[in-house]
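The values are calculated or read from the model by the stated rules, or taken from the named source; none is laboratory data. Remember, predicted model here, so these are calculated numbers, not experimental data. Glycine gets a Cβ as well: all are built from the backbone with ideal geometry, and neighbour counts include every protein chain shown. Quick note on the areas: whole protein, heavy atoms, side chains included, nothing else; ligands and nucleic acids left out. Shrake-Rupley method; radii C 1.70, N 1.55, O 1.52, S 1.80 Å.
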Amino acid sequence: MSAPWSEVIDPDMDADTEVIPRMNMIQALNSAMDVMLAKDPNVLIFGEDVGYFGGVFRATEGLQKKYGLNRCFDTPITESGLIGAAIGMGAYGLRPVVEIQFADYIYPAYDQLVSEAARLRYRSAGDFWAPLTVRSPYGGGIFGGQTHSQSVEALFTHVAGLKVVIPSNPYDAKGLLISAIEDDDPVMFFEPKRLYNAPFDGRPETQVVPWAKHPLSAVPQGYYNVPLGKAKTVRAGEAVTVLAYGAMVHVALQAALESGVDAEVIDLRTLVPLDIDAITQSVEKTGRCVIVHEATRTSGFGAELSALVQEHCFYHLEAPIERVTGWDTPYPHAFEWEYFPGPARVVAALRRAIGA
Amino acid sequence: MKNSPALSLRIPEPRFRPGDTVDFSNLNIPEAGVAPRPPIDVSAKETRDLAYGLIRVLDKEDRAVGAWDPKLDIAMLKRGLEAMMLTRAYDDRMYRAQRQGKTSFYMKCTGEEAVAVAQSMVLHRDDMCFPTYRQQGILIARGYPLVDMMNQVYSNAADPMKGRQLPVMYSSKDYGFFSISGNLGTQFSQAVGWAMGSAYKGDDKIAAGYIGDGSTAEGDFHHALTFASVYRAPVILNIVNNQWAISSFHGIAGGEDAPFASRAIGYNLPGLRVDGNDFLAVYAATQWAAERARANLGATVIELFTYRAEGHSTSDDPARYRPAEEAKGWPLGDPIERLNRHLIALGVWSDAEQDALHKEVVEEVRAAAKEAEKNGTLSEGKRPSVETMFDDVYKEQPWHIRRQAEELAALS
Ligand SMILES: Cc1ncc(C[n+]2csc(CCOP(=O)(O)OP(=O)(O)O)c2C)c(N)n1
Ligand SMILES: [Mg+2]
């Protein structure tokens, strides 16, 4: 078990009597799709390279073999086309789960998502809707350069009608993906690819500890869900609230450990709809708030969080709200670790926030 | 109507998967020399047979035959051969460098060298190419320093791209090589725009766009053809059909039902389908399209029918989705091997000379790599300076980026 997680509050698993295997995040996502393909004949999976090959990150491995060509297949390389088709199929009554190979390649589909998927229910006054789930790996830490590292969540949190979900561990990944697939609204499901195979504390020099050593890799084989819209306190503390999601949850925990600051770390898990109660309760208690995300700073989701904390907790705040984010540049290949907001920057922000 | 069958989806599948025996005998490969060469002012409609056929020059006896023979002199042929061999040696070296941990990623163009090399020999250096990541042969054929290409791959202190781009995403305006984007398809319409710029200014430069078979599915492909047709842009629109798009075969992009070149005709553009492993055919078709563009007759779509002989990239293992021996079974052979045999058939070349040339290019690449590694690799040694990561986001640095640069500097 990596050190920061010794303080993790155990997952509330309704694991009944089932033997609980260890899964990494890829296996957990695969298991979620497997469960849903078995449960609901209207669920189908498509995307670039997801069929026979099982996806470039192997998230759909074995699903075509198990459920047949019709249930899990490759699409032409057109993100706009495949999202458009998913909307049409979703409106017909299916539940498409589509993969955009990298979040960096989602832009051709932006119009279909923003103008179509997000608004279909509204503009038809509930006559039509499309319950699609869009899975996409996002974020850095893998030397992927500017076209395999971006964090695009704010481009979607800004759009009324889309839900946005980001898991930080295998247990949540499976439970949240199942909830996303069952949800009747379009859900953007961004997967922190740096966490696919192992947790990552933001220190590349540290030896990688596989998910199997982590408590949240205990993932029930069968059906369960983690509700959308619910954050999770992953470390209790009194001095300062840290709001994070995805890979940054692990970085925040590491920073709390390194700094010795008694930080309360909240894993938001769903950005829209946001668990505002969890945030306000914590900030009202600590009076201080540090927001951490990998995405560029300007108009990032941290700006929204900062505004909300200010609106809801102004009279409890004892220090300016801090944001630790990616720089406002494209993600530069050679400067992976100068760009990635690692524990050192979070530690500095924690210290500033508590006035140390 | 009651008796009509239930509707069903068609999900295309490649003919061979791992474990299957490869047999390409069903592939319709016309003889070399049979395709007619129309005048450059041919109407799009009249190119139908060329779009559905296959322009080939090198025949079974390794002779150049037919109307498309570009009749190149021996020196040109040898230049082409050398550039293709250098490209392959470069790819092999950089692939190994990635395996040795000297960089993060690499992409080879093995088996497709004729495309970039022959085309760059036809085009002028001030024509602009809008390549994908598989046209490194353009830079190599034009004599761009190998050391600088390697510096880019290593993201080192001398990287012309200052460590910002993933390996192989080169850029060189001087060499007519537009900055490569990792986003597929986007540059196809930009090539048309560049050509429109030349036409707008009344210049005589043309442009060449490149797109993979898989990427023709992107909207940008259709945008490019539409603009090229509507504005009669002086551009060559190349579809490099190497049969695969990572793990998806060309049928997933609709290339089995109708050849990619045939897309052209609906846009009123001539379409040529060319044996992409035949250096002479690629050269001749490109020359025809370039003449057309320079004569203000507009764009041509060329499908280069080739085969991706190796994995998609260093992150890929093609044995997971296609038979390992599929590449060897490709009936159109290898472009280097075929040009080599042609030169031998002409009596001006020998296997011994070929071996000597091979040693020469390998040595050239080795020496360049040694030189480049003095400037560092991604994992070791000198790096670009960190402050530069905040440059060029805008022409002038706004206050917020300046502040971020200062924050980073204070951290280290
Ligand atoms: C817009 C976009 N979508 C997806 C990708 C991921 N991707 C990179 S290469 C590739 C396959 C491209 O195949 P093809 O166009 O045939 O070119 P080839 O690699 O065969 O040269 C894919 C899907 C991308 N880079 N950009
Ligand atoms: Mg291809």
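Can you name the residue in segment A:102-124 that is surrounded by fewer than 21 Cβ atoms within 10 Å (Cβ to Cβ) and assigned to a loop (DSSP other than H, G, I, E, B) and is also farthest from ligand 2 (Cβ to nearest atom) among such residues? Filtering first and then ranking leaves A:Ser124. Looking at B:Ala264, B:Ala309, just one residue is touching a helix residue (DSSP H, G or I) at 6+ places or on another chain (Cβ under 9 Å), farther than 20 Å from B:Ala327 by Cα and either in contact (Cβ under 8 Å) with a residue 40 or more places away in the chain or not small (Gly, Ala, Ser) (or both), and that residue is B:Ala264. You will find that of A:Ile77, A:Ile83, the residue that is within 13 Å of chain B (Cβ to nearest Cβ), surrounded by 24 or more Cβ atoms within 10 Å (Cβ to Cβ) and in a helix (DSSP H, G or I) is A:Ile83 and no other.
Give B:Ser215, B:Ser229 a once-over and let me know the one that is of a type in the set (Ser, Thr, Tyr) and farther than 27 Å from B:Pro70 by Cβ. Checking each option against the conditions leaves just B:Ser215.
One residue stands out among those in segment A:202-246 that are open to solvent by less than 20 Å² (accessible area, probe 1.4 Å) and in a helix (DSSP H, G or I): the one that is nearest to A:Arg22 (Cα to Cα), which is A:Ser217. Can we say A:Ile166 is among the aliphatic types (A, V, I, L, M) and touching a Leu at 6+ places or on another chain (Cβ under 7 Å)? Here the answer is yes, as A:Ile166 does meet what is asked.
Of the residues making up segment B:78-103, those that are surrounded by 23 or more Cβ atoms within 10 Å (Cβ to Cβ) and in a loop (DSSP other than H, G, I, E, B) are B:Lys102, B:Thr103. One residue alone among B:Ala233, B:Ala295, B:Ala258, B:Ala285 is in contact with a Leu (Cβ under 8 Å, 6 or more places away or on another chain) and away from ligand 1 (no atom under 11 Å from the Cβ), and that residue is B:Ala285. Residues satisfying the criterion are present in segment B:207-221 (criterion: away from ligand 1 (no atom under 16 Å from the Cβ) and within 14 Å of B:Val301 (Cα to Cα)).
Conditions tested, residue by residue: (1) acidic (Asp, Glu); (2) under 28 Å from A:Pro76 (Cα atoms); (3) more than 15 Å from ligand 2 (Cβ to nearest atom).
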| site | (1), (2), (3) |
| --- | --- |
| B:Gly163 | no, no, yes |
| B:Pro167 | no, yes, yes |
| B:Phe177 | no, yes, yes |
| B:Asn183 | no, yes, yes |
| B:Tyr200 | no, no, yes |
| B:Asp204 | yes, no, yes |
| B:Asp213 | yes, yes, no |
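Residues that are within 23 Å of B:Lys102 (Cα to Cα) and assigned by TED's automatic domain parsing to the domain that holds B:Tyr144 number at least 3 in the following helices (runs of 4 or more DSSP H) confined to segment B:325-412: B:351-373.
Please report, ordered by residue number, the helices (runs of 4 or more DSSP H) entirely within segment A:289-356 with at least 2 residues that are of a type in the set (Gly, Ala, Ser) and surrounded by 17 or more Cβ atoms within 10 Å (Cβ to Cβ).
A:301-313, A:343-353
Scanning segment B:259-309 for residues that are open to solvent by 20 Å² or more (accessible area, probe 1.4 Å) and hydrophobic (A, V, I, L, M, F, W, C) returns B:Ile265, B:Ala295, B:Leu297, B:Ala309. In segment B:193-216, the residues that are without any contact (Cβ under 8 Å) to a residue 40 or more places away in the chain and in the same structural domain as B:Gly182 (by TED's automatic domain parsing) form Cβ pairs under 7 Å with partners that are within 11 Å of ligand 2 (Cβ to nearest atom) and assigned to a helix (DSSP H, G or I), at six or more places apart or across chains, as follows: B:Gly214/B:Ala253. How many residues are within 15 Å of ligand 2 (Cβ to nearest atom) and charged (D, E, K, R) if we restrict to segment B:215-251? Residues in segment B:215-251 being within 15 Å of ligand 2 (Cβ to nearest atom) and charged (D, E, K, R): 1 in total.
Entry remark, segment B:219-244: residues being without any contact (Cβ under 8 Å) to a residue 40 or more places away in the chain, under 20 Å from the mean Cα position of the chain (by Cα) and not in a helix (DSSP H, G or I) number 0 in total.
Name the one entry in B:Ala261, B:Ala281 that is within 16 Å of ligand 2 (Cβ to nearest atom), in contact with an Asp or Glu (Cβ under 6 Å, 6 or more places away or on another chain) and more than 14 Å from every other protein chain (Cβ to nearest Cβ).
B:Ala261
A Cβ distance below 6 Å, combined with a sequence gap of six or more or placement on separate chains, defines the contacts here; from segment A:93-121, residues that are farther than 25 Å from A:Glu61 by Cα and small (Gly, Ala, Ser) reach residues that are more than 16 Å from ligand 1 (Cβ to nearest atom) and modelled with pLDDT of 95 or more in the pairs A:Ala117/A:Ile87; A:Ala117/A:Ala130; A:Ala117/A:Pro186; A:Ala118/A:Val159; A:Ala118/A:Gly161; A:Ala118/A:Leu162. Is it true that B:Glu353 is without any contact (Cβ under 8 Å) to a residue 12 or more places away in the chain and surrounded by fewer than 20 Cβ atoms within 10 Å (Cβ to Cβ)? Spelling it out, B:Glu353 is indeed without any contact (Cβ under 8 Å) to a residue 12 or more places away in the chain and surrounded by fewer than 20 Cβ atoms within 10 Å (Cβ to Cβ). Set side by side, the residues A:Val283, A:Val261 differ, and just one is in contact with a His (Cβ under 7 Å, 6 or more places away or on another chain), among the aliphatic types (A, V, I, L, M) and more than 30 Å from A:Leu29 (Cα to Cα), which is A:Val283.
Within segment B:228-258, being under 18 Å from A:Thr78 (Cβ atoms), more than 13 Å from chain A (Cβ to nearest Cβ) and of a type outside the set (A, V, I, L, M) holds for one residue alone: B:Asn241.
Does any residue of segment A:181-197 turn out to be crowded, with 23+ Cβ neighbours inside 10 Å and part of a loop (DSSP other than H, G, I, E, B)? Looking through segment A:181-197, at least one residue is crowded, with 23+ Cβ neighbours inside 10 Å and part of a loop (DSSP other than H, G, I, E, B).
May I ask you to list the residues in segment B:113-159 that are surrounded by 20 or more Cβ atoms within 10 Å (Cβ to Cβ), within 14 Å of chain A (Cβ to nearest Cβ) and either within 16 Å of ligand 2 (Cβ to nearest atom) or not in a helix (DSSP H, G or I) (or both)? Correct list: B:Thr132, B:Tyr133, B:Ser155, B:Asn156, B:Asp159. So, in segment A:33-56, how many residues would count as being touching a residue at least 40 places away in the same chain (Cβ under 8 Å) and within 16 Å of ligand 1 (Cβ to nearest atom)? Going through segment A:33-56 one residue at a time, the tally reaches 7.
Against the definition (more than 12 Å from chain B (Cβ to nearest Cβ), out of contact with any strand residue (DSSP E or B) (no Cβ under 8 Å at 6 or more places or on another chain), among the acidic types (Asp, Glu) and on the phi < 0 side of the Ramachandran plot), how does A:Glu116 come out, yes or no? When the stated conditions are applied, A:Glu116 passes them.
Report yes if some residue within segment B:200-208 is in a helix (DSSP H, G or I), out of contact with any His (no Cβ under 9 Å at 6 or more places or on another chain) and open to solvent by 10 Å² or more (accessible area, probe 1.4 Å); otherwise report no. Before the answer, list the steps.
At the first step, the residues of segment B:200-208 found to be in a helix (DSSP H, G or I) are B:200-201.
Still in the running and out of contact with any His (no Cβ under 9 Å at 6 or more places or on another chain): B:200-201.
From what's left, open to solvent by 10 Å² or more (accessible area, probe 1.4 Å): B:200-201.
The answer is yes; a qualifying residue exists.
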